[in-house]
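Here's the structure we're looking at; comments come further down.
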Amino acid sequence: MCFKVGTDFMSLAPTPSASRGDLILQPPFFTSSLFVNPFRDDIECLTDLFIEECTDDVEQPFALFKRIWQEQGWTFMHLKVFDARTRHTYLTVACRLFVERMAGNVEPLRRLVALFALYTFYFTQPSDTRISLYSIKHIAIAVDQYNLLLALPKAVSSKLAPYASHVLSALLEAKAFYILPGSGFGPYNPRVLPREVYVEEEDEAARGTESELGPAPSEGAAPKVPRKKGRPSKRDIAKRSKDAVAGLDRWLERTESIGRAVGGGEPGPSRARGGHALLSHAPAASRTHYRMQKARLLDTLLRAEDGEGVQALERANMAVLGRLKRIDAMAAEKGMEVGGEGGELTGLGRVERAVGELREGGQGLLRLTEGAGIGPSEAPGQGSDADVVSRSAK
């Protein structure tokens, strides 16, 4: 549509605007490691400089602190961000980082520097600027840290005590503190700083990390592609699932051949009856290592004075039995059974009998591989560990 104005025509078509949007830091930046860790380092640097220059010859310690504060550029910290929502997070986190330097495990002089910094940062918030800037009215502090702060004038030297008392009374008269429960209850929000930890992205292809299922064979293998940024698509998720299944198949084939070479098993019907080749043979090496470690543990427990080792062994057995009973009850609610594949050799009843044998002088669950919890009619023919393990696996 056009309108005639005199002899010229004016178009109502939209024209591009010359103004651009303002870049604003989001509040999570000030709770992340990108801000928290450097800010802590700056506080530490400010403290070290004050302690280094605050000698016995200094007549006005706070004037010295003010000079160092200005020389280090702290006067410009209030001009770091102007957006009200982000500024609230920035000021809150900054004051919290000053407060955390007043903990009981910090030297009194360092706590005094943190108090000076908190006082200066709080009372220098711009309030009469042409463009109004957001400012906080209260400083959150846990009650135990608040009590330590009140006792700070008595903890520093007599020369510094009047300055600590004056700064502290100014904050108290301004009702600047917002008392929270004890720091042991995690009263701050966020509970821990930094809340977000920045981790540099690395090229997965450059790292050359392999999957837990093992590397894919080199023949016909597709080259690694760097993972895309952002949320994976449904197509990528499906592709990764297929790759994982293919990797699992390769692992089964590779380990099955190892199992046949070690145990002399044959593929085919034997695999269908006994499962994977590695599961159809007793783990002799790991079983021997387990028995050696177990014997050492039992020897240490049984040699303990006043029967403390036996009591500890009994408590551990009862804890395991109680946990298995809870699991069995939860499975029964869903119509399932735990450990019933091997009958009495792998059921909960055998665990209960093994724990009962502990009270009669046995060694409880640590003797399951030696046949603990198996009655005379249920014991294997030769009573060997291989029989117990193989029958339990079946």
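The values are calculated or read from the model by the stated rules, or taken from the named source; none is laboratory data. None of the values given here were measured: they were computed from a predicted structure. Cβ: placed from backbone, ideal geometry, glycine included. Neighbour counts: every protein chain shown. Each accessible area value is taken on the protein alone, full model and side chains, heavy atoms only, with ligands, DNA and RNA left out. Shrake-Rupley method; radii C 1.70, N 1.55, O 1.52, S 1.80 Å.
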Under the rule of at least 5 residues apart or a separate chain, name every residue whose amide H is placed under 5 Å from the amide H of Ile139.
Phe177, Tyr178
Measure of exposure for Glu253: accessible area at 1.4 Å probe, Å² rounded to 10, is 120
Neighbour net charge for Ile139 - beta-carbon separation under 11 angstrom, K R +1, D E -1
+3
Expected vector for the range 110-126, Karplus 3J(HN,Hα) from phi with 6.51, -1.76, 1.60 and θ = phi - 60°, integer Hz, x for Gly and Pro, equals 5, 5, 5, 4, 5, 5, 4, 5, 5, 4, 5, 5, 6, 7, 9, 5, x
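Counting Lys +1, Arg +1, Asp -1, Glu -1, what net charge surrounds Leu46 among other residues with beta carbon under 15 Å of its beta carbon? Kindly include the intermediate steps, with their values, before the conclusion.
On the way: positive: Arg40, Lys66, Arg67, Arg101, Arg110, Arg111; negative: Asp41, Asp42, Glu44, Asp48, Glu52, Glu53, Glu71, Glu100, Glu107.
Once all neighbours under 15 Å are counted, the net charge is -3.
Could you tally the net charge around Pro108, taking each other residue with its Cβ under 12 Å from the Cβ of Pro108, Lys/Arg +1 and Asp/Glu -1? Walk me through the numbers before you get to the answer.
Details: positive: Arg101, Arg110, Arg111, Lys154; negative: Glu107.
Net local charge, Pro108 excluded: +3.
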When the solvent-accessible surface of protein heavy atoms is calculated with a 1.4 angstrom probe, in what order do Lys154, Lys239, Lys159 fall, highest first?
Lys154, Lys239, Lys159
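Please say if the range 46-116 is rounded, prolate or oblate, where rounded means a/c under 1.5 for a ≥ b ≥ c the square roots of the C-alpha gyration tensor eigenvalues, and otherwise the choice is prolate for a/b larger than b/c and oblate otherwise?
Working: a/c = 3.54, a/b = 1.57, b/c = 2.25.
Cα axes put the range 46-116 in the oblate bin.
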